[in-house]
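Notes follow once the structure below has been shown.
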Amino acid sequence: MYVMGVESSCDETSVAIVKDGKTVLANVVLSQIDIHKEYGGVVPEIASREHVKGISLVFDQSIKKAGIQYKDIDLVAVTEGPGLIGSLLVGVAAAKVVAMNYDIPIIGIHHIAGHIYANNIEHDLVFPCLALVVSGGHTELILMDKHYQFKKIGETVDDAVGEAYDKVARVLDLPYPGGPMVDKLAQQGKDLYHFPRPLFDSKDYQFSFSGLKSHVINLHHNLSQRHEVFELADFCASFQEAVTDVLVKKTKAAAKEYQVKQIIVAGGVAANKGLRGKISREITDIPVCFPSLGYCTDNAAMIAVAGFFKYKTGNKADDYTINGNSRLEL
Ligand code: KG4
Ligand code: ZN
């Protein structure tokens, strides 16, 4: 079964062809990072326009790379939400054109289901499975008892982890997207500042990163005002240690409480070296999986894989009234 995945929820225009929910024949990703860098973050209006400019080419490149024809596609899976509404609409409209033109069923996918299913490309999900979802817009712990069934057991009460990384990076004058830069510098620094670990001792699976982010930003501001010399790398390392301590502690506790057989890490922040290292070192009795780096950040292969499993588990295809939904719930 050939599934075409389409992803355009933020600043990556991507189309993929995946065979049988596993074999990635093509995963073309057109990134807008260089354009948004200039503004220090994603500008929604520019993002939508760039998607419009690039999407036809990305569709055709993907088909060409996969060595198939449009008529060979069995299912079109498209990110329906959440995300930037203008960006989502471009991908959904283009996916509908392909589906209508070639009479192919179309299925809407939640972006986070896509991130979770990125883990099924190089591994197989084993149930019950616990997903630590860490992206620019989400920080959640999700329990899965079987394919395409998601139960949220905890989430952030304020900022998402990726968002906190990007905001801290901005104050430190690091280029957008800040997460990878903070991660890189953190490898060279030490946890000198021992920032607070928010909700570390709470017995639930809620997270909070807004206070930590403000703490880091305020300290940086104070030190700069007093012209004190400090290493950016130590700031980054201290922030990263605080964030990853909380993420790993709660993931470990949830895995134990729910007796899961596998832990998967999903979303852009799953690329974080500090998190990958700490979770693997601290959780040794349950297998922990991450997607390889190219499948951590936004891509359409993960949407195609999620589409395959959504369809295979008996979910009906959508009709052509499917539309972008910026606040879609998982
Ligand atoms: O999943 P993603 O590509 O987009 C969303 O769905 O939000 O995640 C993007 C986020 C950004 O906040 C980016 O800074 C962060 O993931 N990110 C990282 C790393 N690589 C990407 N954060 C920390 N360390 C990284 N290595
Ligand atoms: Zn994402």
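The values are calculated or read from the model by the stated rules, or taken from the named source; none is laboratory data. On a predicted model such as this, the values are computed, not experimentally measured, just so you know. Cβ: placed from backbone, ideal geometry, glycine included. Neighbour counts: every protein chain shown. Please note that ligands, DNA and RNA were not included when accessible areas were found on the heavy atoms of the full protein model with its side chains. Shrake-Rupley method; radii C 1.70, N 1.55, O 1.52, S 1.80 Å.
A few remarks follow.
- Residue match in the stretch 99-107 (condition: within 30 Å of Leu247 (Cα to Cα), more than 14 Å from the chain's Cα centre (by Cα) and either part of a strand (DSSP E or B) or within 16 Å of ligand 1 (Cβ to nearest atom) (or both)): no
- Meets criteria (in contact (Cβ under 8 Å) with a residue 60 or more places away in the chain, surrounded by fewer than 18 Cβ atoms within 10 Å (Cβ to Cβ), under 23 Å from Tyr176 (Cα atoms) and not assigned by TED's automatic domain parsing to the domain that holds Phe59) for Lys261: no
- A count restricted to the stretch 153-196 and to residues that are within 16 Å of ligand 2 (Cβ to nearest atom) and not in a loop (DSSP other than H, G, I, E, B) stands at 11.
- One residue stands out in the stretch 276-315 among those that are in a helix (DSSP H, G or I) and hydroxyl-bearing (Ser, Thr, Tyr): the one that is farthest from ligand 1 (Cβ to nearest atom), namely Tyr311.
- Qualifying residue in the stretch 132-141 (condition: more than 16 Å from ligand 2 (Cβ to nearest atom) and either outside any loop (DSSP other than H, G, I, E, B) or more than 17 Å from the chain's Cα centre (by Cα) (or both)): yes
- Within the stretch 16-31, the residues that satisfy the criterion of being away from ligand 1 (no atom under 16 Å from the Cβ) and crowded, with 24+ Cβ neighbours inside 10 Å are Ile17, Val18.
- Of the set (1) more than 21 Å from Ile121 (Cβ to Cβ); (2) crowded, with 16+ Cβ neighbours inside 10 Å; (3) under 20 Å from the mean Cα position of the chain (by Cα), all apply to Asp34 but (2).
- Scanning the stretch 122-160 for residues that are within 16 Å of ligand 1 (Cβ to nearest atom), open to solvent by 20 Å² or more (accessible area, probe 1.4 Å) and β-branched (Val, Ile, Thr) yields a single hit, Thr156.
- Hits in the stretch 220-275 (condition: of a type in the set (A, V, I, L, M) and in a loop (DSSP other than H, G, I, E, B)): Val229, Val260
- The residue that is nearest to ligand 2 (Cβ to nearest atom), among those in the stretch 87-120 that are open to solvent by 20 Å² or more (accessible area, probe 1.4 Å), in contact with a helix residue (DSSP H, G or I) (Cβ under 8 Å, 6 or more places away or on another chain) and farther than 20 Å from Val52 by Cα, is Pro105.
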